[in-house]
Amino acid sequence: MFQVGEAVSYGTNGVCTIEEKKRIKLAGQPCDCYILKPVYDSSLKICVPCNSKVLLARMRALPSKEELLELLREPAPSHEDDPETRKEYYRQTLQSGDRHALLRMIRDIYTERQHRHARGKQLSGYEDSALREAQNILHSEFAYTMGIDLQEVPAFIADHLEGTANG
C-alpha cells in the first residue's frame, strides 16, 4: 500500500513522511505499524497500526500540483442561506478531512466574505473559525506539493480563489 520514504497526508497532522514500517507491541500484542513524521512538526512521531482500517484510512496520497490548482479553479458551490445548516455542513466537512470538500468549503466562505465585505459586514465567528481550521488542515499539503513556505499558503489560496472569481 504505502512505502517507506513516501510522503502522505495524515488526518489533521498534514504531510508526513513514512519513516519506517516496523513491528511493535501495542496492548501487549505484536503489530505492524507505519511510523510517520510530520514534515512541519519535527517534534512529533505518529504510529499507525497496519491492522486498523480506521487509522489507515486517514493516510492519503498527496495530490499533484495540477490537482490542487484544478480544485481551486472549480466554481464556488451554491451557498446555503440557512446559517445553522451551513454550520453543520462546515462541521461535517472539517471532521471528514476530505480535501475536495474542504476546498469547496473554503470557496464558499471566501465568496461569502466578499459579499459581506461589499456590504460592510464581516464573517460570523464560526465561519471565520471554520475557514482558519480548513486552511490549517490543507496548509501542509499545499506548501509541500507547491514547494512554497507554509506561511505563504493562505495568500496563495486567496490569490487563486480571487483570480478565478474575477475571471
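The values are calculated or read from the model by the stated rules, or taken from the named source; none is laboratory data. Computed from a prediction, not measured in an experiment: that's the story for all the values here. Using ideal geometry, Cβ is built from the backbone for each residue, glycine included, and neighbour counts are taken over all protein chains shown.
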Here's a check for you: in segment 65-108, which residue that is β-branched (V, I, T) and within 22 Å of S9 (Cα to Cα) is modelled with the lowest pLDDT?
I106
Do any helices (runs of 4 or more DSSP H) entirely within segment 66-167 hold 1 or more residues that are among the basic types (K, R) and under 19 Å from the mean Cα position of the chain (by Cα), and if so, which?
83-96, 99-118, 125-146
Here the residues within segment 1-38 that are small (G, A, S) and part of a helix (DSSP H, G or I) are G11
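Right, D41: over 21 Å from the mean Cα position of the chain (by Cα), in a loop (DSSP other than H, G, I, E, B) and acidic (D, E) or not?
For D41, the condition - over 21 Å from the mean Cα position of the chain (by Cα), in a loop (DSSP other than H, G, I, E, B) and acidic (D, E) - is not met.
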Looking only at residues that are in contact with a Ser or Thr (Cβ under 9 Å, 6 or more places away or on another chain) and crowded, with 16+ Cβ neighbours inside 10 Å in segment 151-167, which one is modelled with the highest pLDDT?
V153
